[in-house]
Amino acid sequence: MSARDLAKEQPASFAFNAEYLALAKKVIAKYPAGRQASAVIPLLDYAQRQEGWVTRPAIEAIGAMLDMAAIRVLEVATFYTMFNLSPVGKTHIQVCTSLSCALRGSGEVMKACKDKLGLGAGDITPDKAFSLIEVECAGACVNAPVAQIGDDYFEDLDYASTAKLIDAFKRGEKPKHGSMIGRDASAPAGEAITLTEDPTKPIPKQDLAAAKAAFEKAKAEAAAKAAAPKA
Amino acid sequence: MPKLTIDGMAVEVPANATILQAAEQVGVEIPRFCYHERLSIAGNCRMCLVDVEKSPKPVASCAMPVAEGMVVHTRSDRANKARAGVMEFLLINHPLDCPICDQGGECDLQDQAMAYGADRGRFHENKRAVKDKELGPLVATSMTRCIHCTRCVRFATEVAGVPELGAVGRGENMEITNYLENMLTSELSGNVVDLCPVGALTNKPYAFGGRPWELRKTESIDVMDAVGTNIRVDAREQKVMRVLPRIHEDVNEEWLADKSRQACDGLSNQRLDRPYVRKNGKLTEATWPEAFAAITAKVRGLPGSKIAAIAGDLCDAESMFALKGLMTALGSANLDCRQDGAALDALSRASYLFNSTIAGIEQADALLIIGSNPRTEAPILNARIRKRFLRGGFPVGVIGPDVPLTYKTQNLGNSADILSQIASGAHAFAATLKNVKKPMLIVGQGALARADGAAILSVAREIADACGLVKDGWNGFNVLHTAAARVGGLDLGFVPGTGGKDVRGILDGAGKGEIEVVYLLGADEIDTNKLGKAFVIYQGHHGDRGAHRADVILPGAAYTEKDGLYVNTEGRVQQALRAVFPPGQAREDWTIVRALSESLGKTLPYDNLAQLRAALRDAAPEFVKIDVIQAATWGGFGKAGQVSATPFEYPVKNYYMTDPISRASRTMARCTEEFVMGGAKKTGTDG
């Protein structure tokens, strides 16, 4: 693997639409004169939201807006893998396949995508409706396996729930994000098994002296056992 | 001034110094790759890790400021282990192809791996491979060797002022690249080769040309522009293999312009290696006595007013001095060293020097550039202007065509009458100059080599006087020359004597038949068609314009083949040394003039270089001290006249070809094709 390259086919031009231009101006205004370059990440994000991906004309346009050389913008765009440097589908599925998710069955999630959409990692459907990539740890290991679709996390996936999600997106719906098995955020799936005590009651006082004496006794016994000649 | 201890030695350094700088002060060597004293601090190679007491981890000494009472160990077990670890990581993805790498023998990674590395690695997986980048005809790339020190990126962005290089991707996939495979468009691009601590960026024309230990190194002076860059000429046998910069803080720091570095292959092409005499309209090979006989037959008995001499741009002071002596002996006052007809006044030294000095640019507060494009006329000097610009508070006004100079300029227009407005104070930029402590102006040959050049020089002087450019301890009046020989020629008075003709007069006279013999000492930049029926003697090293027109050719030595004195645009006398011998029957230039003088019966009174230099110093005391600038007395020049409204044109149209050597260079031809003509499309049969 080498550094991510810009897509071969590029649109001829790029300009922010009115909505994103207003947002961009607001971000640029946050920084003092001469430090506009600090706004490069938000602007790249706006460009990606507008176009679906970061195009070469967008990189150059942002460079011109922020008084930066195009190569400086390209450095940032290639550093962060969240910036797509080639076109993605309208529904962009990012499946985490790092260790925790892999152990909890991200392979099934990938398989569901393959079966339902015919997509392997890095593919895009011919009608540009769906695309799929593998990503490194999405930071939601406790709810593994997880996939990011658009801006939302869909957690505790398996083959069936992934297929259901894809069907919903195909119908143009906006399925509810979060845990697919009804967990409340990252709370345990069943009943709580720790911290079950009543938090309002005082913690019972421990007999530290007795605990220490027991520890010392065990230590002395172990030492005596080690020192005893082997029979 | 914090005091700290490094390896048991106490040292006191300025508060903003880093540990690495403090260590250098006490002579403790700390290995490094990314740190370079002329570039910003990156701190990304980690090779300079040292052990600091009370610090939980080894610290990167290049980026760590010193603090009072710090105790640093650079040779402790922890420091050694940290270095060995960093080295092991660097070598994980380094190909270890030293036997076929051009950097071998002068490679920082090689040296430091020997000094600080382990003797084996523990990495058994596949190494990565990186696609090579196309940086143009001067810099070859082998990016798999890159260790990502980012020196080249910082050089391009900071010093060269062309932010075209960058590091894309991250982690193991990081690559140094140029934006969208464009070439590196800088006149200083060759310096990234010197900066690269490994063999990722190497000298393309010199590729696989030699090993550093095979080369004979001679310290010399560059003549491709008037900066007088200090160079080291590396030669093998009788061939100049490459040219590298030497450090001279007041001239070139440690940079070298591309033409000066890469035109050296022109020294082996198109050379004049034997005398020629024109017989029946054809130049035929001749011996030295035959050539001298042909000249003697023509010159003997001719009155001095019918003889003229023009000195070229690459001449050493000795040959010009000898030729001046010969012309005086022949009774001729028709001498000129200003091929382009620049209106320079040889009588007032301050009128033709870069009085602020190159290092002095860093003290200036405002700059007015008149008819000069320093980026192509003197890239090294331009880098110094950029260095000053980056510190801020440095308005730069330009009168001339608007071209990118790598720093922000204010184009005041392109008409000579703006000058008079500034002089009279009517123009806004006059206030900019007046309101700062150390203003300066640069007059280029684009302004002086015109019919109204003398008037422009005079107006420039008026500006200097009116806007306070000249005061105690500061002279902000500067002339930027394009020819290495120019200041030397003016210093020793290679200009028309009483009643003598200048270049225009000589060419006119030759056309009309008033001048019958013209002696061209390496003069190729004149319009040789205007020489009419004159008998032309060409003494030089390349078969260029002058030699084509010549009736007698005397083969001389190029700058790498003779000991010579050159005076740079600041008036700094510098000595070039011979690196190789002239080819064939070619001889050092002053000896040719000396031999000819004997043949003409006007024997010059010196038999060796020491005697000649003694005579030269008697005649022109500027040459007494080498590498010392004698400040010139201000005033005593300028003839007011009518300034025409013709727009300025910059003298250097194609940076890569300005003199016979660079015109004979294949590398420079390639650069011209790529950079100036916009890169012709290559066909399948190319090269």
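So which of B:Thr646, B:Thr633, B:Thr658, B:Thr603 is under 18 Å from B:Leu314 (Cα atoms) and either buried (at least 18 other Cβ atoms within 10 Å of the Cβ) or among the hydroxyl-bearing types (Ser, Thr, Tyr) (or both)?
Among B:Thr646, B:Thr633, B:Thr658, B:Thr603, only B:Thr658 is under 18 Å from B:Leu314 (Cα atoms) and either buried (at least 18 other Cβ atoms within 10 Å of the Cβ) or among the hydroxyl-bearing types (Ser, Thr, Tyr) (or both).
Are there any pairs, at least 6 apart or on different chains, whose C-beta atoms fall under 6 Å, with the first in segment A:62-85 and at the interface with chain B (Cβ under 8 Å from one of its Cβ atoms) and closer than 18 Å to B:Leu184 by Cα and the second acidic (Asp, Glu) and part of a helix (DSSP H, G or I), and if so, which?
A:Ala70/A:Glu60
Does segment B:461-479 contain any residue that is in contact with a strand residue (DSSP E or B) (Cβ under 7 Å, 6 or more places away or on another chain), under 20 Å from B:Ala317 (Cβ atoms) and surrounded by 24 or more Cβ atoms within 10 Å (Cβ to Cβ)?
yes
Out of the residues in segment B:9-45 that are acidic (Asp, Glu) and within 26 Å of B:Ile147 (Cβ to Cβ), which is nearest to the chain's Cα centre (by Cα)?
Here the answer is B:Glu37.
For residues in segment B:259-288 being more than 32 Å from the chain's Cα centre (by Cα) and charged (D, E, K, R), which is least open to solvent (accessible area, probe 1.4 Å)?
B:Arg278
Looking at (1) within 14 Å of chain A (Cβ to nearest Cβ); (2) open to solvent by less than 20 Å² (accessible area, probe 1.4 Å); (3) under 30 Å from B:Asn80 (Cα atoms), which is the one condition that is false for B:Gly171?
(2)
Go through segment B:92-132 and report how many residues are more than 14 Å from every other protein chain (Cβ to nearest Cβ), of a type outside the set (Gly, Ala, Ser) and assigned to a loop (DSSP other than H, G, I, E, B).
The total comes to 14.
Please determine, by comparing only the residues of segment B:161-213 that are in contact (Cβ under 8 Å) with a residue 40 or more places away in the chain and among the basic types (Lys, Arg), which one is farthest from B:Cys101 (Cα to Cα).
Among those residues, the one meeting the criterion is B:Lys204.
Condition check ((1) in a helix (DSSP H, G or I); (2) more than 14 Å from chain A (Cβ to nearest Cβ)) across all residues:
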position	(1), (2)
B:Met183	no, no
B:Phe208	no, yes
B:Ser220	no, yes
B:Val227	no, yes
B:Ile231	no, yes
B:Arg242	no, yes
B:Trp255	no, yes
B:Lys259	yes, yes
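Given B:Glu214, B:Glu219, B:Glu249, B:Glu253, which one is open to solvent by 10 Å² or more (accessible area, probe 1.4 Å) and under 13 Å from the mean Cα position of the chain (by Cα)?
Selected residue: B:Glu253, the only one of B:Glu214, B:Glu219, B:Glu249, B:Glu253 that is open to solvent by 10 Å² or more (accessible area, probe 1.4 Å) and under 13 Å from the mean Cα position of the chain (by Cα).
Go through segment B:149-171 residue by residue and tally those that are farther than 17 Å from A:Ala70 by Cβ, over 29 Å from the mean Cα position of the chain (by Cα) and not in a helix (DSSP H, G or I).
1
Among the residues of segment B:146-162, what is the count of those that are touching a helix residue (DSSP H, G or I) at 6+ places or on another chain (Cβ under 8 Å), crowded, with 21+ Cβ neighbours inside 10 Å and more than 11 Å from chain A (Cβ to nearest Cβ)?
Selection size over segment B:146-162: 6.
Looking at (1) in contact with a Gly (Cβ under 6 Å, 6 or more places away or on another chain); (2) without any contact (Cβ under 8 Å) to a residue 40 or more places away in the chain; (3) surrounded by fewer than 22 Cβ atoms within 10 Å (Cβ to Cβ), which one does B:Tyr538 not meet, given that it meets all the others?
Among (1) in contact with a Gly (Cβ under 6 Å, 6 or more places away or on another chain); (2) without any contact (Cβ under 8 Å) to a residue 40 or more places away in the chain; (3) surrounded by fewer than 22 Cβ atoms within 10 Å (Cβ to Cβ), B:Tyr538 violates only (3).
Among the numbered criteria (1) more than 29 Å from B:Leu480 (Cα to Cα); (2) touching a residue at least 12 places away in the same chain (Cβ under 8 Å); (3) over 22 Å from the mean Cα position of the chain (by Cα), which one does B:Leu612 miss?
(1)
For residues that are open to solvent by 20 Å² or more (accessible area, probe 1.4 Å) and within 14 Å of chain A (Cβ to nearest Cβ), tally how many sit in segment B:134-145.
1
Report every pair of residues separated by at least 6 positions or lying on different chains whose Cβ atoms are under 6 Å apart, first residue within segment A:1-30 and within 14 Å of chain B (Cβ to nearest Cβ), second open to solvent by 70 Å² or more (accessible area, probe 1.4 Å).
Note: pairs meeting the criteria are A:Leu6/A:Arg56; A:Gln10/A:Arg56.
Just checking, does segment B:545-558 include any residue being assigned to a loop (DSSP other than H, G, I, E, B), in contact with a Pro (Cβ under 7 Å, 6 or more places away or on another chain), without any contact (Cβ under 8 Å) to a residue 40 or more places away in the chain and not aromatic (Phe, Trp, Tyr)?
yes
Mind checking whether some residue in segment B:504-516 is within 28 Å of the chain's Cα centre (by Cα) and touching a residue at least 24 places away in the same chain (Cβ under 8 Å)?
No.
Going by what's in this entry, would B:Leu165 be described as closer than 28 Å to A:Lys8 by Cβ, of a type in the set (A, V, I, L, M) and either more than 7 Å from chain A (Cβ to nearest Cβ) or open to solvent by less than 20 Å² (accessible area, probe 1.4 Å) (or both)?
Answer is yes for this residue.
Scanning for something aromatic (Phe, Trp, Tyr) and either in contact with a strand residue (DSSP E or B) (Cβ under 6 Å, 6 or more places away or on another chain) or within 22 Å of B:Ala547 (Cα to Cα) (or both), does segment B:653-663 turn up at least one residue?
yes
Against the condition within 22 Å of B:Leu109 (Cβ to Cβ) and open to solvent by 10 Å² or more (accessible area, probe 1.4 Å), how does B:Val28 come out, does it pass?
For B:Val28, the condition - within 22 Å of B:Leu109 (Cβ to Cβ) and open to solvent by 10 Å² or more (accessible area, probe 1.4 Å) - is met.
Inspect all residues belonging to segment A:50-60 and state whether any of them is at negative phi, surrounded by fewer than 19 Cβ atoms within 10 Å (Cβ to Cβ), part of a loop (DSSP other than H, G, I, E, B) and among the polar types (S, T, N, Q).
no
Condition first: out of contact with any strand residue (DSSP E or B) (no Cβ under 6 Å at 6 or more places or on another chain), open to solvent by 10 Å² or more (accessible area, probe 1.4 Å) and assigned to a helix (DSSP H, G or I). Now tell me which residues in segment A:75-89 satisfy that.
Hits for segment A:75-89 are A:Val76, A:Phe79.
Return only the number of the condition from (1) closer than 30 Å to B:Gly121 by Cα; (2) open to solvent by less than 20 Å² (accessible area, probe 1.4 Å); (3) of a type outside the set (D, E, K, R) that B:Gly85 does not satisfy.
(2)
Of the conditions (1) away from every other protein chain (no Cβ under 14 Å); (2) within 20 Å of B:Asn93 (Cα to Cα); (3) in contact with a strand residue (DSSP E or B) (Cβ under 6 Å, 6 or more places away or on another chain), B:Pro197 fails just one. Which one is it?
Result: B:Pro197 passes all but (3).
Does at least one position in segment B:92-115 carry a residue that is more than 30 Å from B:Glu214 (Cβ to Cβ) and without any contact (Cβ under 8 Å) to a residue 12 or more places away in the chain?
No, segment B:92-115 has no match at all.
(1) touching a Pro at 6+ places or on another chain (Cβ under 9 Å); (2) farther than 28 Å from B:Leu390 by Cα; (3) surrounded by fewer than 14 Cβ atoms within 10 Å (Cβ to Cβ): which one isn't true of B:Pro2, the others all being true?
Among (1) touching a Pro at 6+ places or on another chain (Cβ under 9 Å); (2) farther than 28 Å from B:Leu390 by Cα; (3) surrounded by fewer than 14 Cβ atoms within 10 Å (Cβ to Cβ), the lone unmet condition for B:Pro2 is (3).
The values are calculated or read from the model by the stated rules, or taken from the named source; none is laboratory data. Treat the numbers as computed from the prediction; the structure is a model and nothing was measured. Don't worry about glycine lacking a Cβ; one is built from the backbone with ideal geometry, like all the others, and counts go over all protein chains shown. SASA here: full protein model, heavy atoms, side chains in, ligands and nucleic acids out. Shrake-Rupley method; radii C 1.70, N 1.55, O 1.52, S 1.80 Å.
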